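Inspection log for the structure reproduced underneath, given as structure tokens.
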Amino acid sequence: MTRIVEDIFHGRIISVRREEFELPDGRRAVYEMVRHPGGAAVLPLLDDGRVILIRQFRPAGGGMVWEIPAGKLDPGESPEQCIEREIQEEIGYQAGKWEKIGEMLTAVGFCDEILHLFLAKDLNETEQALEPDEYIEIVPIPAEEALKMVDRGEISDGKTQLALLMAKRLGHI
């Protein structure tokens, strides 16, 4: 059983609350919880074997961060709908084929966000449509080089690391 102790903040992307939970042994404990609607991320794979990574300005990450396109789920939106929107907005592509390759809890110690991971193929260029607060550089790169960037610690974003590793494990790259 969960009980809200205090609503701390409600923003555009997250809410923060103190909540009381019953532990498996029957004791009760209060946790600070970040509530997030969830999101979806996509690894775009070009026909020539390159993947499309982005370098996005992320103040929380200290500046420019290597990533794959991703976004928050809007109310009533499925992960697939989110990805279709984000791949067009962030990199200016539409995909003919989608495959879910995994999902992850992004910060399980304090946040309930679930991020759905997809692979996109049969890509067709459209027009990029960035949000006013986004700065994104589009960088097609050989998939094996992107995996080496993970190994060298150049890609520190967890969703991007996991998507690349899952795509490799599943034989897509």
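Of all the listed residues (134, 144), the sole one being in a loop (DSSP other than H, G, I, E, B) and not aliphatic (A, V, I, L, M) is 134. Summed over the stretch 108-138, residues that are over 19 Å from residue 166 (Cα atoms) and either among the aliphatic types (A, V, I, L, M) or touching a His at 6+ places or on another chain (Cβ under 7 Å) (or both) total 9.
Scanning the stretch 136-146 for residues that are under 18 Å from the mean Cα position of the chain (by Cα) and either of a type in the set (Asp, Glu) or buried (at least 18 other Cβ atoms within 10 Å of the Cβ) (or both) yields 136, 137, 146.
With the structure loaded, tell me whether residue 53 is over 12 Å from the mean Cα position of the chain (by Cα), at pLDDT 95 or above, closer than 30 Å to residue 132 by Cβ and not aromatic (Phe, Trp, Tyr) or whether it fails that test.
Working: over 12 Å from the mean Cα position of the chain (by Cα): yes; at pLDDT 95 or above: yes; closer than 30 Å to residue 132 by Cβ: yes; not aromatic (Phe, Trp, Tyr): yes.
So residue 53 passes the test.
The single condition among (1) at negative phi; (2) touching a Gly at 6+ places or on another chain (Cβ under 9 Å) that residue 122 does not satisfy is (1).
Could you check how many residues of the stretch 147-173 are touching a strand residue (DSSP E or B) at 6+ places or on another chain (Cβ under 8 Å) and part of a loop (DSSP other than H, G, I, E, B)?
Here is the first cut: in the stretch 147-173, the ones touching a strand residue (DSSP E or B) at 6+ places or on another chain (Cβ under 8 Å) are 149, 154-160, 162-164, 166-167, 170, 172-173.
Applying the additional criterion that residues be part of a loop (DSSP other than H, G, I, E, B) yields 154-157, 170, 172-173.
Qualifying residue count for the region: 7.
In the set (1) assigned to a strand (DSSP E or B); (2) free of Cβ contacts under 8 Å to residues at least 40 places away in the same chain, residue 24 fails one condition alone, (1).
Looking only at the stretch 32-45, decide whether some residue is under 28 Å from the mean Cα position of the chain (by Cα), of a type in the set (Gly, Ala, Ser) and assigned to a loop (DSSP other than H, G, I, E, B). Break it down stepwise before answering.
Initial filter on the stretch 32-45 (under 28 Å from the mean Cα position of the chain (by Cα)): 32-45.
When the remaining residues are screened for being of a type in the set (Gly, Ala, Ser), the result is 38-41.
This time we only want the ones that are assigned to a loop (DSSP other than H, G, I, E, B), so: 38.
Yes, some residue in the stretch 32-45 is under 28 Å from the mean Cα position of the chain (by Cα), of a type in the set (Gly, Ala, Ser) and assigned to a loop (DSSP other than H, G, I, E, B).
Please go through the stretch 89-100 and pick out each residue that is assigned to a helix (DSSP H, G or I) and either farther than 11 Å from residue 44 by Cβ or of a type in the set (Lys, Arg) (or both).
In the first step, residues of the stretch 89-100 are kept if they are assigned to a helix (DSSP H, G or I); the result is 89-91.
Within the stretch 89-100, 89 is the sole residue that qualifies.
Taking the stretch 60-97 as the range and being without any contact (Cβ under 8 Å) to a residue 40 or more places away in the chain, over 13 Å from the mean Cα position of the chain (by Cα) and farther than 18 Å from residue 137 by Cα as the test, the residues that pass are 74, 75, 76, 77, 78, 81, 84, 96, 97.
The values are calculated or read from the model by the stated rules, or taken from the named source; none is laboratory data. None of the values given here were measured: they were computed from a predicted structure. Cβ coordinates were reconstructed from backbone atoms using ideal geometry, including for glycine residues, and neighbour counts include every protein chain displayed.
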